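Only one structure is covered here, and it is reproduced in the block below.
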Amino acid sequence: MARDDLALLALMSIVAVGLSWELAEAPQPSGGSGRALALSLLAVQLLALGVLLVGRIRRRRDQALLAELLQYERGLSEVLKRWAALSPPEKTDGLSQSLREIAPSVGAARLMVCERTASGELSVWCDLQASPPPGGPPRSWPGADVNIRALEGRLVQLPGVLALPLRASNRMLGVLTLFNGDERRTWTDEHVRRAVALADVLAHALLHLQDRRGVRETADFTRAVLASVSGDVAVLDDKGVVVTVNTSWIEAMSSSNPTTRAGAGMVLVEEVKLPPESRTRLAKAVQSVLDGSRPQTAVDYSWEEPGGQRWSEVRIQRLNRQEGGAVFTHLDVTARKRLEAEVQRHFHELAHVNMMSGMGELAAAVAHELNQPLTAVLSNAQAARRMMMTPAPALGEVREILDDIIEQDKRAGDVIQRIRRVLRKDQFDWTVLDFNGLILDVIRLLGNQAALGGVSVASTLTPDLPPVRGDRVQLQQVVLNLLLNAIQASIANESIRKPAVSVVTGAFDSAAYFLVRDSGAGIPPENLDRIFDPFYTTKPDGFGMGLSISRSIVELHQGQLTAANHTMGGAEFSVRLPAEGRPS
Amino acid sequence: MTASAGLVYIVDDDEAVGRAMGRVLVASGFEVRVFTSAAAFLRRTGEDRPACVVLDQRMPKVSGLELQRAINADSALAVVFMTGHADVPTSVEAMKAGAVDFLTKPVDEEQLLGAVTRALERSAAAHAAGRERAEFLERLASLTPRERQVGALMVQGLLNKQIAWELGTAEKTVKVHRARVMDKLAVGSVAELARLAERTHTLRFEPSDPRPGGPREMPG
């Protein structure tokens with residue numbers, strides 16, 4: 001500015017001096033020196049006039065500049081205020097007004113804000129005419145390429161148009177384009193400086209707006225997704241702290257559910273009120289997902305409620321983002337579990353009843369059939385003893401009694417023979433069997449039974465066992481009986497923390513064998529010889545026929561069923577069946 | 001064998017069992033009859049003396065419990081039950097129906113003898129009572145209707161005068177009736193008569209009997 005003023009003053013001085021000089025050179029009829037003096041005075045006057053003129057012009061311009069500056073400052077703060085108040089969905093009226101007001105202070109007749117969309121395109125966010133337009137309406141659109149160049153991060157300054165990149169947090173958010181209404185007029189440094197400042201404010205405002213809009217959209221989306229998910233859902237951060245939960249979780253918080261207790265900001269696992277074992281299992285599962293050792297996992301456990309036992313299933317899924325975290329979903333699966341247990345129990349009962357009803361009938365028949373001759377033998381013997389105690393025993397009658405005793409004893413023997421015949425070979429349905437498959441079927445059948453009792457069943461089945469020949473149903477009953485015994489013995493043994501049953505198959509000496517070992521208390525050594533006897537049982541409700549019949553079945557297959565106590569504890573039963581094709 | 005320790009019937013469809021148990025009882029001095037079916041037992045010729053029956057609960061056609069009910073209907077027989085397996089409901093029903101004991105096969109001799117002895121005691125008591133009743137009823141039948149009326153009023157403890165008033169006859173006539181009643185029924189006192197009447201549920205005054213006498217006070 002000062003430079004402009006000096007230039008003006010110098011110009012005026014030169015004009016004044018030049019004029020004076022011209023006057024002095026010109027011929028003067030009334031004395032030369034007087035004229036020179038007059039000319040000098042004129043020049044001085046002219047000079048003073050010029051100085052005054054320049055001062056006035058400068059003062060006026062300063063006033064205008066000050067007003068513009070004030071307008072700019074006020075406008076900028078107004079823009080900021082409007083932006084700050086802006087919340088989606090955007091109400092741009094106030095903002096547009098403030099931008100319109102600030103436009104002249106950056107030398108713009110028209111102001112345009114374009115936002116960069118996700119696809120990289122520019123969309124016009126607002127396009128405003130200054131009020132009042134200082135240079136009339138804009139005459140022409142200078143072409144989109146200034147905006148595109150600006151979008152590359154450069155300030156584009158052309159006569160009539162100024163395009164500034166809107167950039168914040170290293171993100172290119174859009175372009176601010178200013179038009180001064182005259183394609184030939186360039187931009188003053190001051191206007192450019194202000195425009196840059198305005199662009200900076202707009203960029204940050206836009207960033208803020210986009211973030212807020214994004215947050216809102218993400219939050220809406222997340223809420224909608226969470227609400228639609230069945231089950232109680234909590235989103236955890238990498239420390240296991242609850243970030244957000246769905247409405248189902250909130251409802252569950254007020255129930256007696258021991259899992260869904262933590263609210264936002266709380267560590268989920270710390271609020272869980274489960275027995276130590278289940279709680280530890282749950283905590284480990286959550287940790288394994290949070291620390292990234294597993295992408296997802298599921299845990300199920302039961303818990304007690306005044307209304308009875310309930311079952312929960314928890315799924316933990318790692319959140320696929322840099323900060324980590326997990327989605328924790330809790331499902332009350334009591335109804336499903338009860339149904340499953342019911343089905344399994346029913347199925348198992350059927351299998352058991354099938355075996356037991358046959359055995360029960362057999363047992364009742366055996367009891368009666370043996371009881372009659374036993375009664376006769378006892379009474380005959382006691383009668384004979386009485387008779388022998390008399391002074392003159394009737395020996396003929398005693399002989400009759402003895403004959404009867406012998407006869408009744410034979411009768412009892414026949415009963416035994418008849419029982420044997422009940423399990424006749426020709427009643428079997430002989431086929432060639434895959435022993436492993438047969439065992440796997442039974443393990444599956446008893447899987448839930450074992451799980452309900454907390455017994456783990458581990459099977460090591462040797463592939464390519466030699467096929468065996470036998471009756472599938474009968475052999476399955478043997479395996480079922482042995483496995484069920486093993487499970488029950490393991491459950492009954494309270495000194496074992498982790499009841500387990502192991503099943504092994506293998507081939508040895510042209511025979512296939514099957515071993516089942518339990519974690520029960522084992523068989524008292526003195527009873528090892530008796531456990532295969534009919535009616536020998538250690539179970540309060542047992543018939544004592546299971547092992548007896550099992551052994552009969554195995555023997556009818558030319559196999560052996562033996563029992564032993566394992567050196568590491570528990571009982572071990574083994575079944576050996578000759579391989580198909582082996583001469584027996 | 002001089003005096004029998006008592007009569008025992010054994011009913012078991014298994015002949016060998018019946019015979020063997022019979023031998024134990026015979027060796028202990030009992031008189032024994034063995035039957036292999038309920039029908040055969042019910043067809044037996046009656047012996048009017050105390051007796052007990054040892055019944056197998058599990059028999060074809062007629063069950064032990066059914067037979068027990070048939071026996072109870074008109075007999076002083078005491079019942080001892082035997083079973084292959086003593087299940088509670090059957091035992092309870094048998095004991096309720098009056099069985100003396102419930103034995104489980106095979107039956108030990110001591111248990112058998114104890115049960116039979118107790119059963120015979122009960123049968124003897126029942127038999128004695130039955131005989132007394134039968135004799136009394138027989139005598140009662142020899143009374144004339146008038147003597148029966150007098151006897152019924154005697155049992156109520158009425159004096160001759162009162163009886164005469166009730167029946168509308170002379171006291172003298174009542175005296176004669178009273179003597180005949182005592183004589184025909186072979187009782188020595190009114191008290192004995194009352195006891196017998198109560199035990200046999202007989203000699204109750206029939207209100208429908210004709211009362212030609214004067215007005216009688218009505219109760220209430």
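Picking from residues in the stretch B:1-59 that are more than 22 Å from the chain's Cα centre (by Cα) and in a strand (DSSP E or B), the one that is farthest from the other protein chains (Cβ to nearest Cβ) is B:F35.
Would you confirm, using the coordinates I've provided, whether B:S63 is more than 20 Å from the chain's Cα centre (by Cα) and away from every other protein chain (no Cβ under 14 Å)? Considered against the rule, which asks whether it is more than 20 Å from the chain's Cα centre (by Cα) and away from every other protein chain (no Cβ under 14 Å), B:S63 comes out as yes. In the stretch A:38-46, is there at least one residue being open to solvent by 80 Å² or more (accessible area, probe 1.4 Å), at pLDDT 65 or above and touching a helix residue (DSSP H, G or I) at 6+ places or on another chain (Cβ under 7 Å)? Checked against the condition, which is being open to solvent by 80 Å² or more (accessible area, probe 1.4 Å), at pLDDT 65 or above and touching a helix residue (DSSP H, G or I) at 6+ places or on another chain (Cβ under 7 Å), the stretch A:38-46 yields no hits at all.
Would you call B:I71 within 14 Å of chain A (Cβ to nearest Cβ) and either open to solvent by 70 Å² or more (accessible area, probe 1.4 Å) or modelled with pLDDT of 75 or more (or both)? No, not satisfied. If the condition is being in a helix (DSSP H, G or I), of a type in the set (D, E) and under 18 Å from A:V289 (Cα atoms), then the stretch A:234-272 contributes only A:E270. If only residues of the stretch A:164-178 that are among the small types (G, A, S) and without any contact (Cβ under 8 Å) to a residue 60 or more places away in the chain are counted, the one that is least open to solvent (accessible area, probe 1.4 Å) is A:A168.
Yes/no matrix, rows are residues, columns are (1) more than 8 Å from chain B (Cβ to nearest Cβ); (2) at pLDDT 90 or above; (3) closer than 30 Å to A:K337 by Cα:
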site	(1), (2), (3)
A:N371	no, no, no
A:A381	yes, yes, no
A:A394	yes, no, no
A:V398	yes, yes, no
A:V432	yes, no, no
A:L438	yes, no, yes
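Residues in the stretch B:75-123 that are within 14 Å of chain A (Cβ to nearest Cβ), touching a Phe, Trp or Tyr at 6+ places or on another chain (Cβ under 8 Å) and part of a loop (DSSP other than H, G, I, E, B): B:A86 alone. Residues of the stretch A:288-345 that are without any contact (Cβ under 8 Å) to a residue 24 or more places away in the chain, of a type in the set (A, V, I, L, M, F, W, C) and open to solvent by 30 Å² or more (accessible area, probe 1.4 Å): A:A298, A:A335, A:L339, A:V343. Listed by first and then second residue, the pairs linking a residue in the stretch B:41-68 that is open to solvent by 10 Å² or more (accessible area, probe 1.4 Å) to a residue that is among the β-branched types (V, I, T) and modelled with pLDDT of 80 or more, with Cβ atoms under 7 Å apart and 6 or more places separating them unless they lie on different chains, are B:Q57/B:T83; B:R58/B:T83. When A:V156, A:V196, A:V161 are checked against the criterion of being in contact with a strand residue (DSSP E or B) (Cβ under 7 Å, 6 or more places away or on another chain), closer than 21 Å to A:L122 by Cβ, in contact (Cβ under 8 Å) with a residue 24 or more places away in the chain and not small (G, A, S), A:V196 stands alone in meeting it.
The values are calculated or read from the model by the stated rules, or taken from the named source; none is laboratory data. Since the structure is predicted, the reported quantities are computational estimates derived from the model, not experimental observations. Quick reminder, even Gly has a Cβ in these numbers, built from the backbone with ideal geometry, and neighbours come from all protein chains shown. Ligands, DNA and RNA are excluded from the accessible area calculation, which covers all protein heavy atoms including side chains. Shrake-Rupley method; radii C 1.70, N 1.55, O 1.52, S 1.80 Å.
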